[in-house]
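Comments concern the structure below.
Coordinate-derived values only; no laboratory data. On a predicted model such as this, the values are computed, not experimentally measured, just so you know.
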């Protein structure tokens, strides 16, 4: 069975300058708990507003943020 995986760790690493979780939370307004859950791929669900915020922040497509593995 395929599972939804976050690629936020990669996006944070290639960002100039590289991001840590605290800075990403502060700059996006998302909670540190949400960022950490995505970073560790320990989330049960992700809201469409969170996806929109992150895609806008990283200027990326949905497929750059999430994948089915």
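At a glance:
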quantity: Relative contact order %, the chain, counting alpha carbon pairs below 8 Å whose residues are six or more apart; calculated: 51 percent
quantity: Kirkwood Rh, angstrom, the chain [1 / mean 1/r, Cα pairs]; calculated: 12.0 Å
quantity: Nearest 10 degrees, 0 to 90: helix 48-58 Cα axis against the chain principal axis; calculated: 50 degrees
quantity: Distance histogram for the range 29-69 (every C-alpha pair counted, 5 angstrom bins, percent rounded to whole numbers); calculated: 6, 21, 36, 29, 9, 0
